Structures are given as structure tokens and as C-alpha cells.
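These notes are about the structure you will find just below.
The values are calculated or read from the model by the stated rules, or taken from the named source; none is laboratory data. Worth saying up front: this structure is predicted, and the values here are computed from it rather than measured. Here the Cβ is made from the backbone with ideal geometry for all residues, glycine too, and neighbour counts use every protein chain on show. Surface areas here come from the heavy atoms of the whole protein model, side chains and all, with no ligands, DNA or RNA. Shrake-Rupley method; radii C 1.70, N 1.55, O 1.52, S 1.80 Å.
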Amino acid sequence: MMQSGLPVCNTCGDQVGFNANGEVFVACHECNFPICRACFDDEIKEGRKACLRCASPYDENLLDNVVTKESGNRSTMASHLGDPENTGIHARHVSSVSTVDSEYNDESGNPIWKNRVESWKDKKNKKKKTAPKPEKEAEVPPQQQMEEQQEAPDASQPLSIVIPIARSKLGPYRTVIIMRLIILGLFFHYRVTNPVDSAYGLWLTSVICEIWFAFSWVLDQFPKWSPVDRVAYVDRLSARFEREGEPSELAAVDFFVSTVDPLKEPPLITSNTVLSILALDYPVDKVSCYVSDDGAAMLTFESLVETADFARKWVPFCKKFSIEPRAPEFYFSQKIDYLKDKIQPSFVKERRAMKRDYEEYKVRINALVAKAQKTPEEGWTMQDGTPWPGNNSRDHPGMIQVFLGNSGACDIEGNELPRLVYVSREKRPGYQHHKKAGAENALVRVSAVLTNAPYILNLDCDHYVNNSKAVREAMCFMMDPQVGRDVCYVQFPQRFDGIDKSDRYANRNTVFFDVNMRGLDGIQGPVYVGTGCMFNRQALYGYGPPTMPNLPKTSSSCSWCGCCSCCCPSKKPTKDPSEVYRDAKREELDAAIFNLKEIDNYDEYERSMLISQMSFEKTFGLSSVFIESTLMENGGIAESANPSTLIKEAIHVISCGYEEKTEWGKEIGWIYGSVTEDILTGFKMHCRGWRSIYCMPLRPAFKGSAPINLSDRLHQVLRWALGSVEIFLSRHCPLWYGFGGGRLKWLQRLAYINTIVYPFTSLPLIAYCSLPAICLLTGKFIIPTLSNLASALFLGLFLSIIVTSVLEIRWSGVSIEDLWRNEQFWVIGGVSAHLFAVFQGFLKMLAGLDTNFTVTAKAADDAEFGELYIIKWTTLLIPPTTLIIVNMVGVVAGFSDALNKGYEAWGPLFGKVFFAFWVILHLYPFLKGLMGRQNRTPTIVVLWSVLLASVFSLVWVKIDPFVKQTNSSTVAQGCISIDC
């Protein structure tokens with residue numbers, strides 16, 4: 001915004017100006033994308049009649065004003081267009097095989113690698129022979145040539161751009177960060193050189209805590225040094241890959257939806273997520289939805305049967321009227337005028353009929369849920385009378401059911417529907433199943449065998465598609481020839497429904513998603529947060545990016561940290577034999593996928609390209625069909641593949657013993673070893689040299705349901721923190737892992753270090769929050785008498801903290817309330833969930849005690865925000881409750897002491913009380929959530945509160961071990977003065 005208050009044009013940088021009525025010119029009334037009148041006229045002249053940002057059509061009145069200018073300049077514009085032959089339409093290469101049987105079912109059952117390379121070479125030679133076609137190009141009608149020329153500018157322009165934060169916002173922000181570092185240095189110099197002799201222990205504790213807080217601030221602040229914004233041009237994507245009259249060349253996408261327990265993750269929520277995927281604004285033959293039922297529940301299976309039937313009505317309705325969002329539960333619950341912009345006369349009638357159908361569908365789903373509340377003693381039985389294979393959720397075979405797709409199922413209008421596949425991997429006693437990470441890896445293998453889309457998008461069962469064009473937004477990065485080659489995944493921010501406006505427990509995580517993640521996007525990319533993420537399948541297979549050279553074979557790693565020899569010159573560079581074997585195998589696989597396409601002379605490269613079957617099987621497992629799919633960089637399956645054979649192979653790849661003695665979970669797929677497998681998986685990809693992209697469409701791509709009550713929120717944070725502690729104690733710790741090759745940037749490494757060490761901040765935080773109460777009870781303080789210099793340092797430190805926050809708000813757009821809520825819950829989670837995570841992490845490492853977590857409930861009460869006041873008893877509530885009571889008792893004790901001592905005691909009391917109120921203010925949301933409805937507060941919490949208050953009152957009044965003892969003469973003198 002300039003000084004005049006007018007927005008700045010995003011294209012030319014000038015002010016947007018005013019329209020004929022004297023109002024600020026607005027081209028798009030949907031997103032208010034800033035563009036001036038001159039640039040708008042140029043857009044219309046070039047044939048673009050939709051907003052660059054949200055793709056909404058421009059107002060007809062604005063288009064009429066430039067229609068005469070557009071017709072007069074059309075011929076001039078056409079003369080400047082480039083050659084349509086060079087528009088760069090990327091033909092999708094699908095590796096084809098003659099027949100499935102000839103490819104992987106020879107006499108010994110082994111793949112014939114030579115046939116694959118030969119067929120690939122023949123196909124490449126045919127492409128070379130058919131490339132020049134000058135005669136056919138000359139036969140193109142002139143009218144068609146003109147249309148292609150008019151589309152050429154969009155097709156040749158980049159699909160996305162990076163918009164750096166304005167220097168006027170980022171410059172002061174960086175300056176204040178440096179100034180704050182300098183002030184911190186001077187502050188700690190003062191604190192260390194001015195100890196408090198009368199309270200040395202308290203002073204030393206406070207200094208150690210403050211140093212750790214400063215270290216944590218550095219880890220959190222500097223990865224936000226270069227934040228960026230990105231804009232994706234969906235219209236250019238369509239112009240390049242979806243030409244009229246030609247088959248769509250957009251890449252296919254496999255969607256993964258994970259669920260475990262349908263009684264805790266309601267089937268209706270999962271079904272809404274599936275329906276929103278099936279109704280995407282994307283070619284139906286390019287979409288496949290895989291639902292992983294890791295609990296093998298018949299309820300989930302039956303709900304998907306009903307969902308597949310309802311999708312035949314819902315999908316054509318969504319696409320006919322372009323509704324948003326395309327999850328029926330959330331579409332029909334919108335409190336908006338649904339008639340807005342809907343000019344079709346039949347819309348009202350069809351909407352009412354669809355809502356009635358959806359209510360009937362909900363009744364059927366709810367009936368299934370009610371039936372499943374009590375399991376029969378003999379187990380569940382299917383309609384044909386056979387027992388349900390998943391009656392024992394821990395001991396059952398693998399199950400796959402294709403509901404929609406190749407079976408010929410169509411919607412009510414006769415159009416094809418996307419694939420919908422139910423998957424439940426095999427589980428047997430004695431096998432490690434690795435929870436969600438293992439389920440995701442099973443889906444990777446199943447999808448590779450059945451559809452093998454080059455891109456994968458995973459969603460939690462409660463995260464529905466809120467923006468039907470979200471996949472197209474991601475494809476603007478993935479399919480961009482300049483950007484997409486090195487992109488391992490595109491991460492979308494998480495947005496949530498069902499949270500009250502005040503967001504008492506920071507459920508939205510706005511600061512993380514709108515500040516931290518945008519900062520990481522300016523370095524090497526955002527971290528993977530577990531859902532709403534589109535992956536490049538080749539990155540999940542453990543390959544490096546195409547543009548990144550392989551690590552030199554002579555480089556070796558330290559046996560204790562995995563670093564290259566240059567970082568440890570004093571140690572002899574040694575390497576474990578298994579590491580040497582894995583690195584050699586990784587180089588072979590990199591060569592297989594990225595160098596196979598470079599073969600021009602088969603005889604010359606025969607020895608290096610025909611990799612042994614054993615090498616692949618030790619990496620990917622004993623499935624020839626799956627191994628074949630890993631060599632198809634652009635996805636696809638053989639046209640002659642037999643569906644029944646593929647289903648048998650898909651059952652094989654989800655068997656419980658398939659991953660044994662392979663690289664699954666170690667180097668391939670979702671990485672095992674932590675309950676937060678998302679952070680670990682993204683970290684491994686970044687260490688290989690990949691980068692990620694943060695995509696923030698104006699309309700949120702996905703929305704989910706957040707646990708809004710205090711107990712569920714703390715358990716969720718406990719799980720995340722425990723995963724970070726596990727990574728810290730593993731070989732994948734960012735402090736020492738992945739230094740070889742220098743593929744992970746230093747600021748990116750700082751960000752990953754921050755993600756694993758933040759739980760340890762709980763130890764100094766709980767000590768620091770206890771200091772005010774101790775100071776008030778003992779009459780001592782952690783700071784000596786302040787001098788002018790010390791006062792200036794304290795004032796400068798507080799001002800730098802405030803200014804940093806203000807400037808961060810300025811460039812990020814985050815509100816002050818969101819920043820404050822984030823700060824409050826940092827304290828609440830730090831003194832409770834993070835503290836427990838640290839102890840449980842060490843117990844798991846030292847004693848092997850594993851903690852099982854229950855899935856937080858996704859459904860809320862009928863009353864709006866009803867769960868906000870529900871308190872479920874958990875030990876996580878004890879530490880913050882204790883801190884609140886102790887500090888309140890300390891405040892009362894401090895005021896009582898000051899009243900007894902006179903006015904001289906009020907000065908020192910001010911600093912101590914301010915310190916205590918700082919703690920209470922940060923814990924206020926916890927206190928309000930704990931006591932919001934007293935009739936629902938657990939009795940044990942009240943008993944703990946009374947007990948702790950009594951104990952600390954007795955400590956202060958009776959035992960009084962901290963206060964310096966006074967002699968009898970002082971007491972006598974005091975008594976005389978009182979008598980006088």
C-alpha cells in the first residue's frame with residue numbers, strides 16, 4: 001500500500017487508480033486482485049477474460065468498455081505471437097510393455113530387463129522418425145492456426161511466479177532482527193556479569209533459561225529470513241495441457257485417504273472427504289482415490305459402498321453448477337445465499353432434490369454406525385453369509401475392492417467416474433506394522449500396481465477438498481518445466497472448520513502456516529505436515545532430483561554422525577559396510593530412473609543399464625510389477641495389463657511380510673522411526689537435494705476438523721512433540737544427519753533442528769514459570785538493583801520483541817490476536833504436553849516403553865462449539881494447574897508481605913508481581929478452559945487445586961524455609977517501635 005492508500009498494481013507497480021464513478025478500480029470482485037485499468041485493458045486485448053489469481057470471470061460491464069479497443073488491436077497482437085510449434089506441449093510418456101505375462105512371467109518368474117530396454121529403445125526411435133511433419137503442418141486450416149496463435153502466449157508463459165516480499169516490509173524486519181541479536185548479546189553480558197549473591201541459585205537458573213530461550217528464538221527466527229509468496233496460473237496450465245479437441249495431457253494423481261477406527265473417525269466425515277475428491281475439477285480418468293482402512297472395519301467398507309452409490313448423483317451435480325465446496329455436509333451447512341451467481345433455472349429444483357438425497361444418504365450411514373456400536377459375538381457377516389475377513393483387526397488378510405473406475409460404473413448422466421478403491425493391508429501377529437506410515441507405504445505400492453499416477457496427494461480422513469481447483473494449483477508447480485523438475489512435494493496450508501472465533505487453544509496454527517512456512521518457502525521449501533500434500537512419486541522412491549549430480553563415490557561419512565570427511569578432519573573417515581552397500585545401490589537406482597532415458601546406443605550402455613533383479617528386489621521388494629512401475633518416470637501401466645493379474649499383485653504388495661529386508665521405511669516411502677513420520681519423510685527428501693513448494697490459494701485448498709477441547713488438543717500436541725523427541729534421539733537427527741554433499745541448506749537445517757528441539761524448551765520454561773512464585777514467597781529476586789544501563793537494556797529488549805512481532809504481522813498478514821494466542825499456547829503446551837513428551841521419549845529409548853495414543857475424536861456435539869468446555873481428565877492438566885495455583889498463592893503472599901513491611905516494599909514487589917502476572921496471563925486460556933463450566937470440571941482437578949494451594953500456603957506461612965532468619969534483637973526493636 002502506498003502513502004495515498006491506493007492499492008498497487010500487481011503487474012506494473014503503479015497505483016490502480018479510480019473508475020468513472022470516482023471509486024477505486026476493481027477488476028475482480030471475487031478476490032480484489034490489484035490491477036490497474038491500463039493493465040486490465042491489456043489483459044482483455046490478449047484474450048484473457050478471467051482473473052489471474054482466482055480465475056473468476058471479469059464483470060461483463062468492464063468487458064464491454066474495452067470491446068471496441070480489443071477488436072481494433074487484435075490483428076496487431078497476432079503479429080507479435082510466437083511460433084505455435086514451440087509452445088512446449090509436454091506429451092506424457094507412458095512406458096509401455098508388450099504384455100504383462102511376457103514382461104514378468106517367464107519360466108522362472110523373473111522380469112526380463114533386456115526386453116524392457118529394447119522396447120523403450122524402439123519406442124524412442126519411432127518418436128525420432130515421426131518427429132518432422134512439415135507437410136501436415138501446412139495442411140492446418142488458417143482459422144485453426146489463428147486460434148493456436150492466440151493461445152500461444154499463455155501456453156509459453158511460466159505456470160507460476162515467485163513474488164518476493166516488498167523491500168519496504170522485509171528490510172526493516174531484517175534490521176530489527178539484527179538489532180535484537182545485538183541487544184541480546186549486551187543483555188546477557190549484563191546478566192552474567194551482575195549476579196545476585198543473595199539469590200544465587202535463582203539467578204543462575206534464570207540466566208540458563210534465558211540463554212535457552214534466546215537460542216530457541218534464533219532457531220525459529222532465521223529460517224524466516226527470506227519469505228516469499230507464489231502465484232499459480234491455472235489458465236495457463238489449461239492452455240498448455242488441455243487444448244480444445246485434444247485429449248487432456250494433465251498428469252494423473254492418486255489420492256490417499258487414511259482412516260483407522262470408524263467409531264472415532266465418523267464414516268460420514270470420511271465419506272465427505274471421498275466425495276469431494278471424486279467431484280474435483282480435474283479429468284476423471286486422471287483421478288484415483290484410495291481409502292486405507294487400517295482397522296479392517298466392515299463399517300468403513302459398507303459406508304464406502306453407500307458413498308460410491310451416492311457419488312453417481314453428487315459428482316454430476318457439482319460439475320454442472322460449479323459449486324464450492326464439493327463435500328456435501330459442508331456445502332449444505334453454509335450460511336450463505338446459495339442462489340448467488342446461479343442463473344440456471346433448474347438449479348433451485350435440483351439443489352433441493354440433491355439435499356433430500358443427501359439426507360437419505362446420511363440416514364443410511366448413521367444406521368450403519370448405530371448397528372456397529374455392538375459387535376456380534378460371532379463377528380460380522382457379509383451379505384452373502386461369509387464372515388467378514390477383518391473381524392480380527394490385528395490378524396486378517398489383505399483386502400482390496402474397486403468400487404468405481406474400470407468396472408464400468410458411470411454417474412446418472414452416463415459419464416465416467418474417477419476410481420474409488422478400498423484397501424486394507426494384511427496384518428498378522430509378530431509383524432511390525434508402523435501405524436500410519438506403514439499404511440501409506442502400502443497405498444504407494446497398491447496404487448503403483450493399479451494406476452501408477454506420477455503424483456500422489458494424501459489427505460487425512462477429516463480433511464476434505466475445499467477448492468475444486470486445488471490439484472490444478474499444485475500442477476502449476478509440478479508440471480512447470482523450469483520449476484517442477486526439482487520439486488518433491490507441494491504442501492498446502494491446513495485450514496479448519498468448527499473452531500470458535502477466539503481460537504482459544506490456537507487450533508488454527510495460523511502463525512506456523514502463514515509465517516514459518518512462507519519463510520521456509522524462500523529457502524528450500526516448507527516441511528511436510530502430514531496432510532494436504534502432493535508428492536512426486538519418484539521422490540518417494542528414494543531417488544534424487546534429476547538436476548542434482550550424484551554424490552562422488554570417494555566421499556565417506558563419519559561412523560558416528562554420518563557427516564562427510566571434510567567436517568571431521570581429526571577422525572579417520574570410516575563407513576559401515578551396510579552404508580556403503582546402500583549408497584552403491586542408491587547410485588544404481590538413480591542411474592536406472594534418470595539415465596535410462598539418455599540411452600542412444602544400447603550396446604554401449606548395456607552393462608550399466610541392465611541392473612540385476614536382485615538389486616531391485618532388495619530395495620523395492622519381491623514384486624516384478626511394482627519394480628516395473630518404478631522405472632516409469634511419468635507413470636502409467638501397460639495397456640495390455642490384465643486387471644485380474646494386477647489385483648493379485650496388489651494383494652501381494654500389501655502382505656505383512658512384503659517389506660522385510662527391503663528399504664521401505666528406511667530410504668523409500670514414508671520413513672519409520674517416529675510417530676511424526678511426516679517431518680522425517682520431508683527431511684529425508686530435502687537431504688537428497690529436492691526442494692518443496694508452499695501453495696496458498698486464495699480459497700483454501702483443504703479444510704479439516706480440529707480437536708477443539710483442551711484435553712484433545714494437549715494430546716495432539718503431545719504426539720507431535722514425542723515424534724520430535726524420537727527424531728532427536730535417532731540417527732536421522734538434523735544435528736548430524738545429511739551433511740555429506742551439502743544438499744540441505746543451512747537455514748533449512750536450522751528449521752529442522754527447531755522442529756526436533758522445541759520440546760526440550762519445556763524444561764527451562766516450567767522452571768522460569770515457577771520463579772515468580774518462588775521470588776514472591778522468599779522475598780528474593782533474580783535481578784539486582786537496576787542501573788540506568790540495565791534499564792536501557794531491558795527496555796530495548798522488550799521494544800525489540802514488540803517491534804519484531806509488529807513487522808512480522810505487517811509482512812505476513814497475521815492478526816495480533818493470532819500471534820498472541822500462539823504465544824499463549826506455546827506456554828500452555830510447553831509446561832504440559834512438551835514436558836511429558838521429553839520424559840516419554842527418553843523412557844522409550846532407555847527402557848523400551850512405548851506409549852500408545854488414541855485417535856482424537858473428530859465429531860463435535862450438536863451445540864455449536866459444545867466440546868470447547870468439555871474437560872477430559874488427563875495427567876497433562878496437572879503441571880499448568882499447579883503453576884497457576886502457585887503463582888496465585890505467590891501474588892497473595894507478596895501483597896500480604898508488602899502490607900506488613902510498609903511502602904518501601906512496594907517497589908521491589910512491582911517487578912515480582914509483573915513477572916507472576918506474565919505467567920498467569922499466558923496460562924489464562926488454560927484456566928478459562930479448565931473452569932469454563934464448573935459442573936463439567938472433573939472433581940479430581942478441584943481436589944488437586946485445593947491440595948496444592950494448601951501445601952504451598954503452609955510452606956510459606958509455617959515452614960518458611962527460604963526467608964532469612966532474623967535475630968531476637970531485631971524482633972524486640974520492631975516490637976518497641978510498634979508500641980511507640
| task | With the cut-off at 14 Å, report for region 702-752 the share of all Cα pairs above it, as a whole percent. | result | 65 percent
| Under a plain spin-label model, where a point goes 7 Å from the Cα along Cα-to-Cβ, how far apart in nm are residue 263 and residue 485? | 5.4 nm
| task | Would you be so kind as to identify which of 194, 250, 225 lies farthest towards the positive end of the dipole of region 180-272, taking Lys and Arg as +1 and Asp and Glu as -1 on Cβ and the Cα centre as origin? | result | 194
| message | Taking the full set of protein chains and a 1.4 angstrom probe, give the accessible area of residue 174 in square angstrom, rounded to the nearest 10. | response | 70 Å²
| message | Using the basic label-point model (7 angstrom from Cα toward the beta carbon), what is the residue 309 to residue 809 distance in nanometres? | response | 5.4 nm
| Candidates per GluC sites (Glu not before Pro) in region 339-419, loop by DSSP, up to 11 other Cβ within 10 Å | 377, 378
| List 244, 817, ordered by accessible area with a 1.4 Å probe, largest first | 244, 817
| note | Sorted by accessible surface (1.4 Å probe, heavy atoms of the protein chains only), largest first, 627, 412 come out as 412, 627
| message | Treating only the Cβ of Lys, Arg, Asp and Glu as charged (+1, +1, -1, -1), what charge dipole size does region 193-276 show about its Cα centre? Round to the nearest 20 debye. | response | 120 debye
| note | Hydrodynamic radius by Kirkwood for region 623-708, inverse mean 1/r across distinct Cα pairs, in Å, is 16.6 Å
| message | Strictly over 19 Å apart at the Cα level, which of 320/349; 335/355; 169/224; 335/501; 224/684 would you flag in this model? | response | 224/684
| note | Beyond 25 Å (Cα-Cα) in this structure, taken from 264/374; 469/666; 469/745; 286/313; 264/469, we find 469/666; 469/745; 264/469
| query | What is the list of residues in region 687-724 whose amide nitrogen lies under 19 Å from a point 7 angstrom out from the Cα of residue 432, following Cα to Cβ? | reply | 722-724
| Of all the accessible heavy-atom surface of region 237-370, with the other protein chains kept in place and a 1.4 Å probe, what percent is carbon and sulfur? | 54 percent
| said: Can you sort 774, 35 by solvent-accessible area, 1.4 Å probe, largest first? | reply: 774, 35
| With all protein chains modelled, accessible area of residue 217 [1.4 Å, Å²] | 30 Å²
| message | Could you tell me the extents of region 485-542's C-alpha atoms along the three principal axes, largest first, rounded to whole Å? | response | 42, 22, 13
| request: Would you be so kind as to identify which of 475, 442, 493 lies farthest towards the positive end of the dipole of region 430-502, taking Lys and Arg as +1 and Asp and Glu as -1 on Cβ and the Cα centre as origin? | output: 442
| field | Rounded accessible area per residue of region 423-527, 1.4 Å, Å² | value | 24 Å²
